[in-house]
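Structure first, commentary second.
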Amino acid sequence: MTLTYDVVVVGGGIVGLATAYAITERDPGRTVAVVEKETSWAAHQTGRNSGVIHSGLYYRPGSLKARFAVEGARRMTDFCARHDIAHDVTGKLVVATSVHELPRLRALYERGLANGVPVTELGTEQVREREPHVLSVGGLHVASTGIVDYADVCRTLVALLHERGVALRTGAGVVDLAVHPDEVVVQTRLGELRGRILVNCAGLYSDRIAALAGDPPPVRIVPFRGEYHELVPSRRGLVRGLVYPVPDPAFPFLGVHLTRGIHGDVHVGPNAVLALRREGYSWARIAPRELAETLAYPGMWHIARRHWRYGAGELLRSVAKPAMVREVQRLLPEVTANDLVRAPAGVRAQAVRPNGDLVDDFLITGGPRTIHVLNAPSPAATASLPIGDEIATRVGERLGALAGR
């Protein structure tokens, strides 16, 4: 049986669910379906991160990431409080571990101020008062950073969407779709759906969904695996909260950091290595065809040529635990190899342009009947409610334009 909706959302991570939430919040009469290929919600990027509610400190002033992260942190905290979701506004430290990092730390402070982030400069002793075991020559304190389990947030969103009559389908992977002048037809493993508008929040496969819809994407998704360790329970006392290094502005990755999660565990990581498939959560998970497509992409050649030294270091930390331990010791000198055990990895869906540039902002494209979220890695979970509002606005504009034809 074919079912028809105003909007069909592809992807059941936090961005897809928040989009359905925003559409039905704005217009309760709108009919919406969300289809997810896995048998559970939030199975990939959303459910495989360190659970940080980001402040918006790092991002270029005026960018979508900066605007949506700052607003998103406030709204995510409010959403969790309103729906009794366990969370905590802990604040975080960004620390310089050598004097040559101090100019970058200062620049980060100024960027935080430009973005409206509550950020304070700290001296070495002030850092030590907050994190006695952390090495630093100075730091920043960011008051608005928090922690949450985003899978819990998604469970609440699913319950709210169910109450609103949204059609929620797991195990409904998209196998084909077609955009016609009067409708979008989506073929899934559970049957056919028709919609007036398609919203693509497919994360690691968002570029493929865009191509299926007849909208050639200007980027390719390149999967980067982030591998985590965690402190053994007896050593969790080494870290009180969240501690980050000064990031390298040439990369969208924040570097190996320390995160005390909402459940009391302390995550250490991640690194960033090329995954051997789009959902390649370990070296053993390989998809030869997907890997060949990634390696054949010109943007990947440019990345390899420009950043091979960086990539070699990340690879070494992946395969050699002593190298990872040395990286962690830059922040936490007392850590030993025995203090760290492997934790589940995540894969970042990073959009890359053909010239090798890593897209550093959220990227949303589309046509008259389509909206494609083509770059929504971290801080997308933090920013999911504002992202959902942005997409809901675009849905409304498209439906209005179609009604006026």
> What residues qualify as long-range amide H neighbours of Thr31, i.e. H under 5 Å apart, gap of 5 or more or another chain, H built at 1.01 Å from N?
Replying inline: Asp6, Val7
>> Under the rule of at least 5 residues apart or a separate chain, name every residue whose amide H is placed under 5 Å from the amide H of Gly366.
In response: His372
> Ignoring ligands and nucleic acids, what accessible area does His100 show with a 1.4 Å probe (Å², nearest 10)?
Replying inline: 130
>> Quick check: at a probe of 1.4 Å, how many percent of the accessible area of the chain sits on carbon and sulfur atoms?
In response: 54
> Given H placed on each backbone N at 1.01 Å, which residues far from Ala275 in sequence or on other chains put an amide H within less than 5 Å of it?
Replying inline: Phe224, Arg225
> Mind listing the Cα extents of the stretch 135-216 along all three principal axes, in Å, largest one first?
Replying inline: 60, 35, 22
> Projected onto the charge dipole of the chain (+1 at Lys/Arg Cβ, -1 at Asp/Glu Cβ, origin at the Cα centre), which of Gly226, Gly16, Val127 gives the Cα projection farthest towards the positive end?
Replying inline: Gly226
> Which is farthest toward the positive dipole end of the chain among Leu190, Gly388, Asn375, measuring Cα position about the Cα centre, with Cβ charges +1 (Lys, Arg) and -1 (Asp, Glu)?
Replying inline: Asn375
>> Using 0.36 nm times the number of residues separating Ala107 and Gln126, minus their current alpha carbon distance, what extension gain do you get?
In response: 4.9 nm
>> I need to check one value: relative contact order of the stretch 69-136, counting alpha carbon pairs closer than 8 Å and at least 6 residues apart, in percent.
In response: 28
> With every protein chain in place, what's the accessible area of Glu327 (1.4 Å probe, Å², nearest 10)?
Replying inline: 50
>> Only four residue types carry charge here, +1 at the Cβ of Lys and Arg and -1 at the Cβ of Asp and Glu. Report the dipole size of the chain about the Cα centre in Debye, rounded to the nearest 20.
In response: 640
> Which of the listed residues, Ala86, Thr145, Leu108, is farthest toward the dipole's positive end in the stretch 56-194, when Lys, Arg count +1 and Asp, Glu count -1 at the beta-carbon?
Replying inline: Leu108
> What is the magnitude of the charge dipole of the stretch 4-127 about its Cα centre, with +1 placed on the Cβ of each Lys and Arg, -1 on the Cβ of each Asp and Glu, and no other charges, expressed in debye to the nearest 20?
Replying inline: 320
>> Relative contact order for the chain: what percent, with Cα pairs under 8 Å and sequence separation of 6 or more?
In response: 24
>> Need one number: nm distance between label points at Thr2 and Trp308, each 7 Å from Cα along Cα→Cβ, rounded to one decimal.
In response: 5.3
>> Rounding to the nearest 10 and keeping the result within 0 to 90°, find how far the Cα-based axis of helix 384-403 lies from the longest principal axis of the chain.
In response: 20
> Using the reciprocal of the averaged 1/r over all distinct C-alpha pairs, how large is the Kirkwood radius of the stretch 271-405 in Å?
Replying inline: 18.1
> How much length, in nm to one decimal, is gained on full extension between Leu315 and Ile286, taken as 0.36 nm per residue of separation minus their Cα-Cα distance?
Replying inline: 8.8 nm
>> If you restrict to DSSP beta bridges whose two residues both lie in the chain, what percentage is antiparallel, to the nearest 5?
In response: 70
> When the convex hull of the C-alpha atoms of the stretch 240-340 is computed, what volume per residue in Å³ does it have?
Replying inline: 126
> Once phi is turned into ³J(HN,Hα) by the Karplus curve 6.51 cos²θ - 1.76 cosθ + 1.60 with θ = phi - 60°, what whole-Hz value does each residue of the stretch 142-156 show in order, with x for glycine and proline?
Replying inline: 10, 6, 8, 6, x, 9, 6, 9, 5, 5, 5, 4, 5, 4, 5
> Can you run phi through the Karplus equation (6.51, -1.76, 1.60; θ = phi - 60°) for the stretch 116-122 and list ³J(HN,Hα) in whole Hz, with x for Gly and Pro?
Replying inline: x, 8, x, 10, 10, 7, 10
> Normalised by the number of residues in the stretch 131-276, what is the relative contact order in percent for Cα pairs under 8 Å and 6+ residues apart?
Replying inline: 18
> How much FRET efficiency would the formula 1/(1 + (r/R0)^6) give for Arg394 and His100, where r is the Cβ-Cβ distance and R0 is 41 Å, rounded to 0.05?
Replying inline: 0.40
>> Leaving out ligands and nucleic acids, and using a 1.4 Å probe, what accessible area per residue does the stretch 19-135 come to in Å²?
In response: 45
> With charges only on Cβ, +1 for K and R and -1 for D and E, what is the dipole size of the stretch 232-286 about its Cα centre, in debye, rounded to 20?
Replying inline: 180
> Rank Arg240, Arg277 by accessible area, highest first, at a 1.4 Å probe radius?
Replying inline: Arg240, Arg277
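The values are calculated or read from the model by the stated rules, or taken from the named source; none is laboratory data. Note that the coordinates shown come from a computational prediction; the quantities given were computed from them, not determined experimentally. Cβ coordinates were reconstructed from backbone atoms using ideal geometry, including for glycine residues, and neighbour counts include every protein chain displayed. Heavy atoms of the whole protein, side chains included, go into the accessibility calculation; ligands, DNA and RNA do not. Shrake-Rupley method; radii C 1.70, N 1.55, O 1.52, S 1.80 Å.
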